[in-house]
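Chemist: Before anything else, here's the structure in question.
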Amino acid sequence: MDKNDKSKPSNRVIIVSNRLPVSVARNNGNLNITPSVGGLATGLSSFHRDSNGLWVGWPGVDPVNSEEKKAMENTLRNDFSCLPVYLSAYDLKKYYYGFSNRTLWPLFHYFTTYSTYEKSEWKAYRKVNQLFCSRLLEVLEPGDIVWVHDYHLLLLPDMLRQENVDNAIGLFLHIPFPSMEIFRYLPWREEILRGMLGADLIGFHTYDYTRHFLSCVLRILGREQEYGQVVAGNRLVKADTFPMGIDARKYSDAVNLPSVISEKETLRDKLKTEKIILSVDRLDFSKGIPERLRAFELFLEKYPKWRNKITFIMLCVPSRTKVEQYQLLKREIDELVGRINGRFARPGWLPILYMYRSVPFNELIALYSEADLALVTPLRDGMNLVAKEYLACHSKMGNGALVLSETAGAAAELGEAIIVNPNDMEMIADAIAQGLDMTLTEKKAAISFMSRRIEKYDIFRWAEDFIEHLSHIRGLHDLNKQRFLNKDLQGVMRDSYKKAEKRLILLDYDGTLVSLKKKPELAKPPAELLHLLSNIKGDPKNTVVIISGRDRECLSEWMGESGVDLVAEHGTWLFEADLDKWWIKEEGLAEEWKKNFYPILEMFSERTPGSFVEEKTYALVWHYRKAEPELGDHRAKELMDALHDMLSGTALQVLRGSKVVEIKPAGVNKGKAAMYWLGKEKKWDFILAMGDDWTDEDIFAVVPENTWSIRVGFKPYTKANYFMESPVEVISLLRSLADIKD
Ligand code: ADQ
C-alpha cells in the first residue's frame, strides 16, 4: 500500500497490549532487542506481517537518554513494527502492579479479599489508558483495525471513541469476566463497562464470561442485549466467544527435534522413576498451586503403591515478584514442597522436583512429552494454554493423561480430560491415580479427540476468526450509519416538505417526543412541545396524529390543547380534533375476556417484585420495567408461554414489548390506526412517521415506501428507513419543519 495515499483505507491491524512482544536488554551500553515467542505474538504474527501492521505497548524498559530513546524507537519500528508507550516508575507501580494486578486481576479471578480499591491507582490506570490513546492517535489512519488486548486497557476503546475515532475496534479479554455478584464490588464498574463498550467486538474465552459480561451490562448500565449485541449510542457492540488456541503444529512437531530428544533422554536418565507428573504455571494465586500440592500429598497417602515410582515435576515461572501477595505465596509453596518432600522422600527418591524459573522451549517440550500426566488445576483461569500445549505434544503418540480443573476456561473445550474441582483434594488425588492407571487405548481415545480440536481451532484460526467477525460487525455498522438522518438528509426532507400540499405527520409520544422516564406520569409534555405541535398543526396543509399506547384520559389531558389528532391504547381509541370525541374503530370488542386473564397476570406480579398489572379498556398489560431485569425477562418468557396456549382459538393476541407483556384483541395495533389516517386522502405527498419501539414497527410496516419513517434510538432491526438518536434531535427537526411557512 502506498502509505502516502490517505484516501485509501489501510486495513492495517494495530495490536495494542500492555507489553510489546519483545524483550529489551542492555548489553555493554548497547540495546539488545529480541522478539518474544509467546502464544499471542505467534498468533498475531501473520496480521502483523501481512497487513504492514503495528504493535503498540510498553517495551519493558525506559530509555536512559534521548539518544537511547531514538535508537530504541528506530529498531522497534523498523525491525519489529512496534511502537513503544513509555511508562514512568510511578505509573508502572500504580497502573500495572496497582490497579491492573491488585484490583482487576484478583477480582476477575474471584479473589475478592485480595482486591484493593485505591483511588490513586484507578487514576493512574485511567491516565495510562489515556497515554495509550494519545499514542494511537498519532499513528491511526482510516481503515486501520485496532485490536486491544486484555484487562490493562479496558478504558481504551471508549477513550478512542471520545476522540471521534471511527475505526473498527476489537477488544479481547484474556482473563475471566466474573459474574455480576463479583463484578459489582468494583467502585468503578460503570466506567469499566462503558470503556469496553467503545469496541465494536468484545471477545472472551468462554460462553460463561460472555454471558457474565452481558448480564453486567444489563444490570449495571440497564442496556439490553439481543443475540449478544448491545446498542451503545449509534453503534452496535457485539460480545462473543473465541476460545484462544495455540500454535499446535509447532508443539507437535517439536517433539521430534534432536535437541528435544536429547533433553528427554537426560531427563529420564536423571529421574529413574516409572512415571512423571507435570505442572507448569506462572507462580500466581489463581493457579491453585498450594491446593495442588496438598492434593498430591493426599495422593501419596492414599495410594502408597505409587511411592518411589513417580516424580512430580512442578515448574513455576516467577511472576509479579514485587507484589506482596505473590511473595507470600512463594513462601507458602516453598514450605509446602519442603514439608511433603521431607515427609515422603527416601534415599534415591524425591517426590517433588520443584523448579522456580522459566525454561527454554526445547526443555519445556521435553518435559511435556515425557510427562505421563499433566496436572492443570487452577482455581480460576481465563483459558490455560498449558493444557493445550501438553495435549499438542502428545497428539501423535496419544500416551498422556490430563487432569484439568473445571474452573479453567479450557475445560469448556476439553471435556475428555479428567475434570476436577480444584478445591476438592480427594477428587484431585483420585484423578491422579485414575490418570496413571489409564490404558494406552483410553488415553489415545481421549487425546485424539481433544487434539483434533486444538489443531483445527489453533491460534492462527482464532486470530483470523476474531478479525473476520470484527469486519462483519463493522460492515453492519457502516450500512446503518448511512441510515442516520444527518443534516444533508434533513435538508432533502425540508425541501420535500416545502413542496408538499398534503402532509401527514404520525408521531409516537414516549421515547419519541419526550425521553423515557422511570415512572410514566413523569413524562408530561412541556409547554414548548405543546406549542410546537399546535404550531405545526396550525398549517392547513398538515395533519398531525399522536399515536400512543397511553390511555384516552391521559392523552386528552396532556395533549388536548395542542389540537392534534390522537390515538390511544395502541390503536383501540381514535380521536379526531374536528369531531372532538373518542371513538372505537374495531367493532365488537368485548371486555369479558379480561376477567379470565387478570388473575394470571396478577399472579406473575406477586412473584416478580417491582412489576404490576395495568388494565386498559380493551387490554391487559403486565409491566416489569422496575423489576430486577433478568428475573423480569425470565418471567416474561414464562408468561408468554403460559398465555400462548390459552389464547389459541380466541380473538386475542399477546405481544411482548419494551418491558411489557400485553394481551389485547387481535387486529388492533398502531399500524391499523395509522391506516385510518393514511386512507383519508387519495394521495399524501409528504408523510413523516416517527417512533421508538416495537409497537411503532406496525406503523413503519404500513406506510408507503417513500415515507420519512424514522426510528428514534438506534436499533439494528427496524422497518423504518432512517434513525435519529434521541427526542432532542426529533424536536429540533420538528422545529425546523414548523419554521417553514408559505
Ligand atoms: P497465563 O496466566 O500466563 O495467561 P497460560 O495460558 O497457562 O497462563 O499461559 C502460560 C504460558 O507460559 C504458556 O505458554 C506456558 O508454556 C508458558 N510457561 C509457563 N510456565 C513456564 C516456565 N516455567 N517456563 C517456560 N514457559 C512457561 C493469561 C490467562 C490465561 C490465558 C492466557 C491466554 O491468565 O488464562 O490462557 O492469558 O489468553
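The values are calculated or read from the model by the stated rules, or taken from the named source; none is laboratory data. Given the structure is predicted, the values throughout are model-derived calculations rather than measurements. As a convention, Cβ positions derive from the backbone with ideal geometry for all residues, glycine included, and neighbour counts pool all protein chains shown.
Chemist: For the range 259-284, which positions are of a type in the set (Asp, Glu), in contact (Cβ under 8 Å) with a residue 40 or more places away in the chain and in a helix (DSSP H, G or I)?
Modeler: 263
Chemist: Is it the case, given these coordinates, that residue 240 is away from the ligand (no atom under 12 Å from the Cβ), free of Cβ contacts under 8 Å to residues at least 24 places away in the same chain and not β-branched (Val, Ile, Thr)?
Modeler: Judged against the criteria, residue 240 is not a match.
Chemist: Suppose we filter the range 541-551 for residues that are out of contact with any helix residue (DSSP H, G or I) (no Cβ under 7 Å at 6 or more places or on another chain) and crowded, with 20+ Cβ neighbours inside 10 Å; how many remain?
Modeler: Narrowing the range 541-551 to residues out of contact with any helix residue (DSSP H, G or I) (no Cβ under 7 Å at 6 or more places or on another chain): 541, 550.
Next, from what is left, pick out any that are crowded, with 20+ Cβ neighbours inside 10 Å: 550.
Result for the range 541-551: 1.
Chemist: Across the range 332-368, what is the number of residues that are within 13 Å of the ligand (Cβ to nearest atom) and under 22 Å from residue 269 (Cβ atoms)?
Modeler: 14
Chemist: Which condition from (1) away from the ligand (no atom under 15 Å from the Cβ); (2) over 24 Å from residue 204 (Cα atoms) is the one that residue 415 breaks?
Modeler: It fails just one condition, (2).
Chemist: Next up: What residue, among those in the range 21-46 that are away from the ligand (no atom under 16 Å from the Cβ) and buried (at least 16 other Cβ atoms within 10 Å of the Cβ), is nearest to residue 68 (Cα to Cα)?
Modeler: Among those that are away from the ligand (no atom under 16 Å from the Cβ) and buried (at least 16 other Cβ atoms within 10 Å of the Cβ), it is 31.
Chemist: Next question, about the same structure. Which residue out of 200, 208 is crowded, with 24+ Cβ neighbours inside 10 Å and among the acidic types (Asp, Glu)?
Modeler: Matching residue, one of 200, 208: 200.
Chemist: Please note which helices (runs of 4 or more DSSP H) are completely contained in the range 60-168 and include at least 3 residues that are farther than 27 Å from residue 283 by Cα and not polar (S, T, N, Q).
Modeler: 66-80, 119-139, 156-162
Chemist: Could you check residue 672 against (1) under 25 Å from residue 699 (Cα atoms); (2) basic (Lys, Arg); (3) at pLDDT below 90 and say which number it fails?
Modeler: Residue 672 satisfies all of (1) under 25 Å from residue 699 (Cα atoms); (2) basic (Lys, Arg); (3) at pLDDT below 90 except (3).
Chemist: Continuing with the same structure: Being out of contact with any strand residue (DSSP E or B) (no Cβ under 6 Å at 6 or more places or on another chain) and of a type outside the set (Val, Ile, Thr) is true for just one of 627, 619. Which residue is that?
Modeler: 627
Chemist: Which residues, counting only those in the range 612-654, are free of Cβ contacts under 8 Å to residues at least 40 places away in the same chain and either under 19 Å from residue 568 (Cβ atoms) or part of a strand (DSSP E or B) (or both)?
Modeler: Hits for the range 612-654 are 612, 613, 614, 615, 623, 653, 654.
Chemist: Taking the residues in the range 260-296 that are among the β-branched types (Val, Ile, Thr) and at pLDDT 95 or above as candidates, determine which candidate is farthest from the ligand (Cβ to nearest atom).
Modeler: Looking at the filtered set, the residue picked out is 261.
Chemist: State all residues of the range 244-278 that are over 17 Å from residue 361 (Cβ atoms) and under 31 Å from the mean Cα position of the chain (by Cα); if no residue qualifies, say none.
Modeler: Hits for the range 244-278 are 244, 245.
Chemist: A further question follows. Please work out which one of (1) closer than 18 Å to residue 547 by Cα; (2) more than 34 Å from the chain's Cα centre (by Cα); (3) not hydroxyl-bearing (Ser, Thr, Tyr) is the condition residue 705 fails and give its number.
Modeler: (1)
Chemist: Sort through 251, 209, 185 and tell me the only one that's within 20 Å of residue 473 (Cβ to Cβ) and not in a strand (DSSP E or B).
Modeler: Values: 251 fails: within 20 Å of residue 473 (Cβ to Cβ); 185 fails: within 20 Å of residue 473 (Cβ to Cβ).
Going through 251, 209, 185 in turn, just one is within 20 Å of residue 473 (Cβ to Cβ) and not in a strand (DSSP E or B): 209.
Chemist: Under the condition of being surrounded by fewer than 16 Cβ atoms within 10 Å (Cβ to Cβ) and under 14 Å from residue 96 (Cα atoms), which residue from the range 311-323 is farthest from the ligand (Cβ to nearest atom)? Give the steps one after another, and end with the answer.
Modeler: In the first step, residues of the range 311-323 are kept if they are surrounded by fewer than 16 Cβ atoms within 10 Å (Cβ to Cβ); the result is 317-318, 321-322.
Adding the requirement that they be under 14 Å from residue 96 (Cα atoms) leaves 321-322.
On the way: 321: 14, 322: 17 Å.
Ranking the candidates gives 322 first.
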